[in-house]
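Have a look at the structure below, then the notes.
The values are calculated or read from the model by the stated rules, or taken from the named source; none is laboratory data. Keep in mind that this is a model prediction, so the values were computed, not measured. Cβ placement follows ideal geometry from the backbone for every residue including glycine, while neighbour counts extend to all protein chains displayed.
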Amino acid sequence: MCGTAGPVAKVRDVTEFSPTVAFSAGQLISTVEDVNTFLSELLAGELLPPAQQRQLLDTVHVDGDKGHGGPQDRYGLGIRHFKLKEGCWAWGHGGMIPGSATRTLASADGRRVMTMNRNGDWGEQRLEDAAVETEFCER
């Protein structure tokens, strides 16, 4: 995220900001529960026919410094395969616009899902990454 954390963090008033500048990135209105249910059922293979599921998860290399992720991440049809650390991967997506950052991840079988939102441009990415790694890699 941009900016500085703590009491010296620059706060931006985004009251009048329209997320439509990010095209479809700002168009989802949902609850964390619904996003988690969708991603869980998607990865569990409950929403798409098998051929479409294979196409969804057929990934290509993606530049990891574009948003959340690392240099070994892969991207499918609207879903990213994140390498969290050696031997630990999760599926999901994230996005950022001024004033908000959202990230949702799931295990390959859809049994573990995590969605987080940060309403601000500050914070420490390493703390968010630590929470994700704890959920998906520390088991």
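The table that follows gives values for the structure above.
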item	result
Output for the range 88-109, where each listed residue is closer than 20 Å to LEU42 by Cα and β-branched (Val, Ile, Thr)	THR102, THR104
Residues located in the range 56-73, provided they are at pLDDT 85 or above and within 13 Å of the chain's Cα centre (by Cα)	ASP73
Single residue of SER30, SER40 found to be in contact with a Gly (Cβ under 6 Å, 6 or more places away or on another chain), within 15 Å of ARG103 (Cα to Cα) and at pLDDT 80 or above	SER40
Residues of the range 90-104 satisfying the condition of being touching a residue at least 40 places away in the same chain (Cβ under 8 Å) and closer than 18 Å to THR134 by Cα	ALA90, TRP91, GLY92, THR104
